[in-house]
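Only the coordinates and a few stated rules stand behind these numbers; no lab work does. The shown structure was predicted, so the numbers you read here are calculated from the model rather than taken from an experiment. Here the Cβ positions follow ideal geometry from the backbone for every residue, glycine too, while neighbour counts run over all protein chains shown.
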Amino acid sequence: MEMLLGKTLIQLQEIVKKFDLQTYTARQLSEWLYKKFASSFEEMTNISKESRNKLLNNYIIGLEQPIKYTLSSDGTKKFLYKASGNKFIESAYIPDKQRATLCVSSQVGCKMGCVFCATGKQGFMGQLTSGQILNQIISFPERDKTTNIVYMGMGEPLDNIENVLNSLEILTSDWGFGWSPRRITVSTIGIIPAMKEFINKSQCHLAVSLHSPFADERSELMPIQSRYSLFDVIQAIKKFDFGRQRRISFEYIVFNGLNDTQKHVNKLAKLLNGIHCRINLIRFHEIPGSKWKSPDVDKLKWFNTQLNKKGIITTIRASRGQDIEAACGLLATTMLKSN
């Protein structure tokens, strides 16, 4: 049966109308789903039993607990969820002082084929519904401690634009979770049409996977470069006014000896000129079968310093969860291979 979790208010209103329920029932449902996190229709005590039975015969709530979790020595937790069939997705909870970030998946596998990504090596196995995305946010023990959400788990969020936008609407609407969009960041490798739709329809932050400012290098790392070039992605971004509150950032995985030289610093400064942004440097987490290696700490710090000297706000993202298959998709890949 179809999940009720993940339905927007308009969709809930359509369901209420379809079953001839009182019009206010849609608001009641959104309250139970997104503020009280009901796991059964029986909990919805202010909705008549007759109405609940109609819903029960046609829908499930859709909340499912993770089937496994791993705990890192640094406090990071990775949660594994079963998707349709014998497939798996994962999310990661990353506590850090006053901030606690949840990284969620948007697809089962991924079709983008980035050579450094464990998820990409799985191939594409399906889209997550908005309910399956939200389930990752609701169903784990640290739910109420979460301060920020990033769509940077398995999959390319903007390749699942409809379900991602629906989940963002639910997260940020007063009838939904009521979160500020400034607490949410959506990552993309640069699917330009969907990126434009996201920018127009959501106020959440945008993070673009960059990894090299040179087309030939980026093509080697990311096949999407041949369809949506980094130059075109940057030009599209420059046409939008993000303001000072909405953040645009660029994710830059650093590979030893590949994309960490002075020429990369100079090219990045030229490429990003005129964009109020930041670069997040990410030390490559080595995955099985990859020819790329992690840079040493001193080289990473040097690269960070040189970019800041060019006037680009640049930070090194701390590596977390390295003792629990930290690279995105590794836990799900391991489980997939064991079945």
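Exposure proxy for V297, V186, V233: other Cβ atoms within 10 Å of each Cβ, ordered fewest to most, give V297, V233, V186.
When the chain is fully extended, how far beyond the present Cα-Cα distance does D96 get from D144, taking 0.36 nm per residue of separation? Walk me through the numbers on the way to the answer.
Working: separation 48, 0.36 × 48 = 17.28 nm, distance 1.49 nm.
Gain on stretching D96 to D144: 15.8 nm.
With a cut-off of 13 Å between beta carbons, the residues surrounding V233 carry a summed charge of +3, where Lys and Arg count +1 and Asp and Glu -1. Take every Cα pair under 8 Å whose residues are at least 6 apart in sequence, average their separation, divide by the length of segment 2-60, and the relative contact order is 39 percent. Qualifying trypsin sites (Lys or Arg not before Pro) in segment 151-235, where qualification requires a DSSP coil assignment and no more than 12 other C-beta atoms within 10 Å, comprise R227. Rounded, prolate or oblate: which fits segment 2-60, taking a ≥ b ≥ c as square roots of the Cα gyration tensor eigenvalues, rounded meaning a/c under 1.5, else prolate when a/b beats b/c? The shape class here is rounded. In segment 68-338, a dipole from Cβ-located charges (positive for Lys and Arg, negative for Asp and Glu) runs towards its positive end, and of S290, C277, V150 it is C277 whose Cα lies farthest in that direction. Here the sum of -39500 (n - 2.57) over DSSP H runs of 4 or more residues, divided by the residues of the chain, equals -9500 deg cm²/dmol at 222 nm, to the nearest 500. Separation of the alpha carbons by more than 25 angstrom is noted, of K239/K270; K82/K145; K267/K299; K78/K267; K239/K310; K68/K291, for K78/K267; K68/K291.
Note on the chain: dipole from Cβ charges, positive end direction compared against S84, Q235, G120; the farthest Cα belongs to Q235.
For the chain, the dipole from Cβ point charges (+1 on Lys and Arg, -1 on Asp and Glu) about the Cα centre works out to 780 debye, to the nearest 20.
By the count of neighbouring beta-carbon atoms within 10 Å, fewest first, E42, E156 end up ordered E42, E156.
Computed from the C-beta positions of K196 and K301 and an R0 of 30 Å, the FRET efficiency is 0.25 to the nearest 0.05. Distance from the C-alpha centroid of segment 137-206 to that of segment 28-69: 23 Å, rounded to the whole angstrom. Placing dummy labels 7 Å off each Cα toward the beta-carbon, the span from K310 to N273 is 1.1 nm.
Its residue count N fixes a reference of 2.2 N^0.38 Å for the chain, and the Cα radius of gyration divided by that reference is 1.04.
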